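Data first, discussion second: the structure below is written as structure tokens.
The values are calculated or read from the model by the stated rules, or taken from the named source; none is laboratory data. Small disclaimer: the values here were computed from a predicted structure and weren't measured. Accessible surface is based on the protein model in full, side chains and every heavy atom, while ligands, DNA and RNA are left aside. Shrake-Rupley method; radii C 1.70, N 1.55, O 1.52, S 1.80 Å.
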Amino acid sequence: QVQLVESGGGLVQAGGSLRLSCAASGRTFSSYRMAWFRQAPGKERAFVAAITWSSGITYYADSVKGRFTISRDNAKNTVYLQMNILKPEDTAVYYCAAQTSSGGYYRAIGSYDYWGQGTQVTVSS
């Protein structure tokens, strides 16, 4: 069974930075694409960023483009989300997700097979 564990969340002032990590467990882990989603209280889970594992091609939501960077380390089975110039509206629980087969729309929740437990990011004004 694949498990994804997020870390790196916390409390930060507006304009600050955080780096989230998502580590996949097991030596059998294989992923076509990994992504970050976030969910604020009372809101639906929303796409943030995605990366195709082998090529490194990245995708971003318009709301974070230019501020957030997604990257991966194949040797460590880990994906990162570097978040800069954070805004109060970035406050949410951030979830890591993995897609094991090719295809699908990178923004769609249904494209992903595994999910982490989430890590809280709070940005104060």
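Taking all protein chains together, Trp36, Trp115 sort by accessible area into Trp115, Trp36, largest first [probe 1.4 Å]. With contacts taken as Cα pairs under 8 Å at a separation of at least 6 residues, the stretch 1-98 carries a relative contact order of 35 percent.
Send over the semi-axes of the stretch 17-85's equivalent ellipsoid, whole angstrom and largest first, taken as the square roots of 5 times the C-alpha gyration tensor eigenvalues.
Working: eigenvalues 91, 37, 27 Å².
After scaling each eigenvalue by five and taking roots: 21, 14, 12 Å.
When DSSP beta bridges are restricted to pairs lying wholly in the chain, around 90% turn out antiparallel.
Which lysines does Lys65 reach when only Cα atoms under 25 Å apart count, and residues fewer than 8 places away in its own chain are ignored? Within the straight-line cut-off, Lys65 pairs with Lys43, Lys87. The accessible surface of the stretch 34-125, taken with every protein chain in place and a 1.4 Å probe, is 48 percent carbon and sulfur. Solvent exposure of the chain amounts to 51 Å² per residue of accessible area, where only protein heavy atoms count and the probe is 1.4 Å.
Solvent-accessible surface of protein heavy atoms, probed at 1.4 angstrom with all chains present, puts Thr58, Thr119 in the order Thr58, Thr119, largest first.
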